[in-house]
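For reference, the structure discussed in these notes is given below.
The values are calculated or read from the model by the stated rules, or taken from the named source; none is laboratory data. For clarity, every value in this text was computed on a predicted model and none was experimentally measured. Cβ coordinates were reconstructed from backbone atoms using ideal geometry, including for glycine residues, and neighbour counts include every protein chain displayed.
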Amino acid sequence: MQIVEATMAHLPVLDVLQQQAFADPHISGPAWTEAAIASMLGMPGVTTRLLHNHDQAMGMAMWRAVADEAELLTLGVLPAGRGQGLGRALMLDGVARLAPWGVETIFLEVAVNNLVAIQLYQGQGFAIVGRRRNYYGTAAASIDAHVMSLHISDRKRLSNEQNS
Ligand SMILES: CC(C)(COP(=O)(O)OP(=O)(O)OC[C@H]1O[C@@H](n2cnc3c(N)ncnc32)[C@H](O)[C@@H]1OP(=O)(O)O)[C@@H](O)C(=O)NCCC(=O)NCCS
């Protein structure tokens, strides 16, 4: 497995990953458009991570850091690659990449019915700290989101305790 920084050259691959990983928008939220991905790629403070497994692009994550805070903007793994630790690998990679930038706290939003993603985030030490009403903003699917956060120093303490 390999995780690399994505550039504009990866835009078509990122677009396919988004469309296929976010095919169930009532749970995962809608896929980003290619234009939306392109507008964020290479922006200051943004890091876009592309995961290959057995030479196949299988997942991606995009993070944005501002001062000592960062946000997980999007995370997706292709259905065929799920349940093999790839989502967890992208989370670990993101935290490891953001920490040297001085990031201390990471936030994310996740639909309250996205139980797999919530499990993944809780397993990484994220805690629910708030709720955003009507996350997707459509009358057709009025789903709230949890706001979750992770203090990177707490995570380090947790993993030290688990290893001792
Ligand atoms: C959420 C997502 C990224 C998880 O990716 P994944 O590669 O399947 O996750 P992993 O295999 O690394 O599993 C990590 C943890 O997630 C949880 N998990 C994974 N599959 C699960 C399942 N079928 N049921 C319950 N929990 C599950 C577990 O807690 C697991 O940890 P464990 O293996 O220690 O038990 C993937 O399901 C996805 O792309 N979903 C669609 C897009 C999406 O919802 N993105 C998040 C938007 S906020």
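Here's a check for you: in the range 1-32, which residue that is charged (D, E, K, R) and loosely packed, with under 14 Cβ neighbours inside 10 Å is nearest to M60 (Cα to Cα)?
Here the answer is E5.
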- prompt: Pick from the range 143-164 the residues that are over 25 Å from A65 (Cβ atoms) and touching a strand residue (DSSP E or B) at 6+ places or on another chain (Cβ under 9 Å): which of them is modelled with the lowest pLDDT?
  reply: I143
- request: Give the residue, chosen from A61, A35, A80, A89, that is modelled with pLDDT of 95 or more, at negative phi, surrounded by fewer than 15 Cβ atoms within 10 Å (Cβ to Cβ) and within 15 Å of the ligand (Cβ to nearest atom).
  value: A80
task: Quickly run through the range 81-113 and pick out the residues that are part of a helix (DSSP H, G or I), of a type in the set (A, V, I, L, M), touching a helix residue (DSSP H, G or I) at 6+ places or on another chain (Cβ under 9 Å) and over 18 Å from A145 (Cβ atoms).
output: V95, L98, A99
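Can you tell which of E5, E69 is farther than 21 Å from L120 by Cα, more than 13 Å from the ligand (Cβ to nearest atom) and of a type outside the set (V, I, T)? Don't jump to the end; show me each part of the working.
On the way: E69 fails: farther than 21 Å from L120 by Cα.
E5 is the lone residue from the list that is farther than 21 Å from L120 by Cα, more than 13 Å from the ligand (Cβ to nearest atom) and of a type outside the set (V, I, T).
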Tally, over the range 126-142, of residues that are modelled with pLDDT of 95 or more and either assigned to a loop (DSSP other than H, G, I, E, B) or in contact with a Leu (Cβ under 8 Å, 6 or more places away or on another chain) (or both): 2
- prompt: In the range 8-32, which residue that is hydrophobic (A, V, I, L, M, F, W, C) and away from the ligand (no atom under 16 Å from the Cβ) is farthest from the chain's Cα centre (by Cα)?
  reply: A9
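Quick one: which residue in Y136, Y121 is under 13 Å from the mean Cα position of the chain (by Cα) and either crowded, with 20+ Cβ neighbours inside 10 Å or more than 22 Å from D154 (Cα to Cα) (or both)? Steps first, answer last, please.
Values: Y136 fails: under 13 Å from the mean Cα position of the chain (by Cα).
Just one listed residue meets the conditions, Y121.
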query: Within the range 103-115, can you find the residues that are touching a residue at least 24 places away in the same chain (Cβ under 8 Å) and within 12 Å of the ligand (Cβ to nearest atom)?
result: F107, L108, E109, V110, A111, V112, N113, N114
Long-range neighbours under 6 Å by Cβ, at least six apart or interchain, first residue in contact (Cβ under 8 Å) with a residue 40 or more places away in the chain within the range 41-53, second aromatic (F, W, Y) and assigned to a strand (DSSP E or B): T47/W63
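Which residues, counting only those in the range 37-75, are of a type in the set (D, E) and more than 13 Å from the chain's Cα centre (by Cα)? Steps first, answer last, please.
Of the residues in the range 37-75, the ones of a type in the set (D, E) are 55, 68-69, 71.
The answer is D55, D68, E69.
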query: Inside the range 1-39, can you point out the residues that are free of Cβ contacts under 8 Å to residues at least 40 places away in the same chain and in a helix (DSSP H, G or I)?
result: M8, A9, L11, P12, D15, Q19, E34, A35, A36, I37, A38, S39
